[in-house]
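Chemist: Okay, handing you the structure first.
Read the figures in this text as sums done on the coordinates, not as results from a lab. Everything numeric here is computed off the predicted structure, so don't read it as measured data. Here Cβ is always computed from backbone atoms with ideal geometry, including for glycine, and neighbour counts include all displayed protein chains.
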């Protein structure tokens, strides 16, 4: 139970030391190797995740549970894509699938963000009270500043918008960054000292055993 | 050869002072002197959301967005989200709420499975847990449509948006709001904090995400570390005031800071 915590602390402290102090080449290359372990472990976990997902969909098809036909699509897509990739990752059919199916689907889904931002903005930018009214006015000024026609129609929005972004907004963001950095330091200390280990799936009762 | 890498002396001093004060407060709590901490509203909100889900017979979603365990800036909020997940899953098991945790990264998936499994075991409810349906691995990209679709078909009653959030913050929270879910959002990615604050019913801003994990811990020495972090805030406030004065009187402090 203690091994993951000790390993986390040792490796974490090594990385901190490397950041602040000039290290011999052997030490630096050790740290580089340790960092590459993360990639290897992540890749192994990816295989596990894919396996679990395939078993899940296999079971759905087997038991003909709700929407089982979608699982057939997943299994077929997985077998074809993974099969072609394993045979030859530079194969034109494999690349065609990636370039003409995976990539555009991803881009299309990403583009949904624009529509959701619009409806989210409508939800947020309603002057329900003084706070939201200030938010609404500031958002309108910054939006007008950012669109080309805004600066032509209302020239004062440029200096006001720039001031809003760099002074009150900038100050707020810096405050958040300072707070977040302190939070990360606190988390680091708690994890390195082994006081907090819920993220390892170790619960309190076990800790006391 | 310099003993310390150039430009990092101030960073090292700050790190030593702040970590030193965190350890000091933890030690102090160990000897019985526990500092008084403000109760975070989110602690009650977790129960409120799960209770609502139980009453309505609908599931609660625990979403963490980007959980890339090999990116340092994402790792910290992800670990914090796992710590909150440990508590939330346990409360969900205790209250009997349906719970769904989709994860888009293999390593994070194994950790999330372990965390949820342990939470149900802690409540002696492992018989009620269908792990492969509760914690699900969804390839990044495909997760968006899957989650949105299931938000509507499941008519989820509550959602937690905790961790490192990027563009999906808008997509998921907006859909959750339309479904009528009660939401708790929290992230440290500054450009997405406004979305979570604006759309979610309750929110954790920046460091509160890290503080909540410590606050929920049953170990008082862990929550005491939050008092140590406050020393860092006092130092930051002092340096901001000092820096403002020095710049106002025309002193160049850039050279001092790049030591």
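Chemist: Between the range B:146-206 and the range B:14-83, what's the alpha-carbon centroid distance in Å?
Modeler: Each part reduced to its Cα centre gives a spacing of 17 Å.
Chemist: Averaging sequence separations of C-alpha pairs under 8 Å and six or more residues apart, then dividing by the length of chain B, give the relative contact order as a whole percent. Could you put the intermediate results ahead of the total?
Modeler: On the way: 404 pairs, mean separation 66.7, N = 259.
So the answer I get is 26 percent.
Chemist: Evaluate E = 1/(1 + (r/R0)^6) for residue A:65 and residue A:92, where r is the Cβ-Cβ distance and R0 equals 30 Å; express this FRET efficiency to the nearest 0.05.
Modeler: On the way: r = 37 Å, r/R0 = 1.24.
Efficiency at R0 = 30 Å is approximately 0.20.
Chemist: Spin-label point model (7 Å from Cα, Cβ direction): what's the residue B:94 to residue A:166 distance in nm?
Modeler: Each label point is offset 7 Å from its Cα along the Cβ direction, giving 5.1 nm.
Chemist: Kindly rank B:151-157, B:112-118 from highest to lowest mean number of other beta carbons found within 10 Å of each residue.
Modeler: Numbers: B:151-157: 17.4, B:112-118: 22.9.
Descending mean neighbour count gives B:112-118, B:151-157.
Chemist: Same structure, new question: Going by a ≥ b ≥ c, the root eigenvalues of the Cα gyration tensor, does the range A:116-201 fall in the rounded group (a/c under 1.5), the prolate group (a/b larger than b/c) or the oblate group?
Modeler: On the way: a/c = 3.33, a/b = 2.33, b/c = 1.43.
Since a/c reaches 1.5 and a/b is larger than b/c, the shape of the range A:116-201 is classed as prolate.
Chemist: Debye sum, Cα scatterers, the range B:1-45, no solvent: what log₁₀ I/I(0) at q = 0.26, 0.29, 0.30, 0.33 1/Å?
Modeler: Once normalised to I(0) and log-transformed, intensities are -0.91, -0.96, -0.98, -1.04.
Chemist: Another question, if that's okay. Starting from the Cα of residue A:34, step 7 Å toward the Cβ, then list every residue of the range B:50-83 with an amide N under 15 Å from that point.
Modeler: B:72
Chemist: Calculated from DSSP H runs of 4 or more alone, at -39500 (n - 2.57) each and per residue, what is the 222 nm mean residue ellipticity of the protein assembly as shown, nearest 500? Intermediate results must be reported in sequence, preceding the final value.
Modeler: Details: 21 runs with 321 residues, N = 468.
Only helices count here, giving -22500 deg cm²/dmol.
Chemist: Hey, another quick one. Using the Cα atoms of chain A, I'd like the radius of gyration and the largest Cα-Cα distance, Dmax, both in angstrom.
Modeler: Cα only, chain A: 26.0, 71 Å (Rg, Dmax).
Chemist: Could you tell me which of rounded, prolate or oblate describes the range B:41-216, using a ≥ b ≥ c as the square roots of the eigenvalues of the alpha-carbon gyration tensor, with rounded for a/c under 1.5 and, failing that, prolate when a/b is larger than b/c and oblate otherwise? Show your work: numbers first, answer last.
Modeler: Numbers: a/c = 1.24, a/b = 1.14, b/c = 1.08.
Rounded, because the longest to shortest axis ratio a/c is under 1.5.
Chemist: Still on this structure, I have one more. Please give the Cα centre distance for the range B:217-259 versus the range A:128-169, rounded to the nearest Å.
Modeler: 31 Å
Chemist: Using a Gaussian network for chain B with springs between C-alpha atoms less than 10 Å apart, which of these wobbles most: B:240, B:34, B:193?
Modeler: Of B:240, B:34, B:193, the Gaussian network model singles out B:240 as fluctuating most.
Chemist: If I histogram all Cα-Cα distances within the range A:1-82 using bins 5 Å wide from 0, what percent of pairs lands in each bin?
Modeler: Final binned percentages: 3, 12, 14, 14, 11, 8, 7, 9, 10, 7, 4, 2, 0.
Chemist: Another question, then. Rg/Rh for the range B:1-133: what does it come to with C-alpha atoms and Rh from Kirkwood? Each step should come with its number before you reach the end.
Modeler: Values: Rg = 19.5 Å, Rh = 17.7 Å.
Rg/Rh for the range B:1-133 comes to 1.10.
Chemist: With the cut-off at 1.5 for a/c, could you classify the protein assembly as shown from its C-alpha gyration tensor as rounded, prolate or oblate? All intermediate terms of the calculation are to be shown ahead of the outcome.
Modeler: On the way: a/c = 1.40, a/b = 1.18, b/c = 1.18.
Because its axes are fairly even, with a/c under 1.5, the protein assembly as shown counts as rounded.
Chemist: May I ask for the Rg/Rh ratio of the range A:37-141, computed from Cα atoms with Rh as the Kirkwood radius, given to two decimals?
Modeler: Details: Rg = 21.8 Å, Rh = 18.0 Å.
Checking Rg against Rh, the ratio lands at 1.21.
Chemist: Can you give me the distance in nm between label points at residue A:56 and residue A:137, each placed 7 Å from the Cα along the Cα-to-Cβ direction?
Modeler: Here the modelled spin labels are 4.9 nm apart.
Chemist: Still on this structure, I have one more. What is the distance, in nm, between label points placed 7 Å from the Cα along the Cα-to-Cβ direction at residue A:26 and at residue B:125?
Modeler: Taking the simple label geometry, residue A:26 and residue B:125 are separated by 5.4 nm.
Chemist: Here's another thing I want to ask about it. Taking the Cα atoms of the range B:98-157, what is the range of coordinates along each of the three principal axes, in descending order and whole Å?
Modeler: On the principal axes, the range B:98-157 reaches 34, 28, 14 Å in Cα extent.
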